[in-house]
Amino acid sequence: MDDQLLAIDDALDDVITAFLELDTVKAYQAAAQAVSADKELQEEISDFQRLKEDYDRLQSFGKYRPEAGQLRKAVLRQKRQLDLNDKMIAMRRAEVDLQTVLAEASQKIAAAVSPDIFVDTGLPMALHRPPHEMGRGKNIKEG
């Protein structure tokens, strides 16, 4: 351990503290808390998870078990009901806003190291790079 490593550690602590003070982070935390505090919504989420687990178990036997199709419809119906819940909508919007902030920070950090580094943000409208080609000489290490 040297002074540079300690300075980096201190700088990271400052960045984390500043990040947690952002309005975007506070909005996400409030939205997530609202979802967690809603008992009825939590029951709906639990019901959906149970249905999804049951469907996943039956899915491989779907051709032979007619109830798998009915279960799939029930899963989709429950998922849609969750997706239309105002608190879930607010939390997902806050999630995307937070992911945007994190993506911008990641891109700035990567650009400080090298402009050639590509950061896949995972955002729906962001640029994506295709996977690397397979075969001899097409590997990242070999290229």
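Using only the Cα atoms, work out Rg/Rh for the chain, with Rh taken as the Kirkwood radius, to two decimals. Could you put the intermediate results ahead of the total?
Details: Rg = 22.1 Å, Rh = 19.7 Å.
Dividing the radius of gyration by the Kirkwood radius yields 1.12.
With the alpha-carbon atoms as the only input, what is the per residue convex hull volume for the range 66-109 in Å³?
Values: hull volume 2.9 nm³, N = 44.
Hull volume over Cα atoms, normalised by residue count, gives 66 Å³.
Taking a ≥ b ≥ c as the square roots of the eigenvalues of the Cα gyration tensor of the range 29-88, is the shape rounded (a/c under 1.5), prolate (a/b larger than b/c) or oblate? Can you show the working numbers first?
Details: a/c = 3.73, a/b = 2.83, b/c = 1.32.
Prolate.
What FRET efficiency do you get for D2 and L102 if R0 is 22 Å and r is their Cβ-Cβ distance, rounded to the nearest 0.05?
Values: r = 29 Å, r/R0 = 1.33.
Plugging the Cβ-Cβ distance into 1/(1 + (r/R0)^6) gives 0.15.
Calculate, in nm to one decimal, what D14 and F61 gain on full extension: separation in residues at 0.36 nm each, minus their alpha carbon distance.
On the way: separation 47, 0.36 × 47 = 16.92 nm, distance 5.33 nm.
Here the answer is 11.6 nm.
Select from the range 1-99 those chymotrypsin sites (Phe, Trp or Tyr not before Pro) which occupy a DSSP coil region and have at most 12 other Cβ atoms within 10 Å, ordered by residue number. Intermediate values should be presented prior to the final figure.
Details: sites: F19, Y28, F48, Y55, F61, Y64; in loops: F61, Y64.
Of the chymotrypsin sites (Phe, Trp or Tyr not before Pro), the ones in loops of the range 1-99 whose Cβ has at most 12 other Cβ atoms within 10 Å are F61, Y64.
Using a 1.4 Å probe on the protein chains only, how many percent of the accessible area of the chain belongs to carbon and sulfur? Each step should come with its number before you reach the end.
Numbers: 6450 of 11530 Å².
Carbon with sulfur: 56 percent of the solvent-accessible area.
Counting only pairs 8 or more places apart or on different chains, how many lysine pairs in the chain have C-alpha atoms closer than 25 Å?
Value for the chain: 16.
For the chain, modelled as a Gaussian network with Cα springs under 10 Å, which listed residue fluctuates most, A27, A90, A68?
The residue with the greatest mean-square fluctuation here is A68.
Which value, in Å², gives the accessible area per residue of the chain when a 1.4 Å probe is used on the protein heavy atoms? Walk me through the intermediate numbers first.
Numbers: 11530 Å² over 143 residues.
In whole numbers, the chain has 81 Å² accessible per residue.
What GluC sites (Glu not before Pro) in the range 3-107 are in a loop by DSSP, with at most 11 other Cβ atoms within 10 Å of the Cβ?
E21
The values are calculated or read from the model by the stated rules, or taken from the named source; none is laboratory data. Every value quoted in this text rests on a predicted model; they were computed, and no experiment measured them. Please note: Cβ atoms are built from the backbone with ideal geometry, for glycine as well, and neighbour counts cover all protein chains shown. Accessible surface areas use protein heavy atoms only, side chains included; no ligands, DNA or RNA. Shrake-Rupley method; radii C 1.70, N 1.55, O 1.52, S 1.80 Å.
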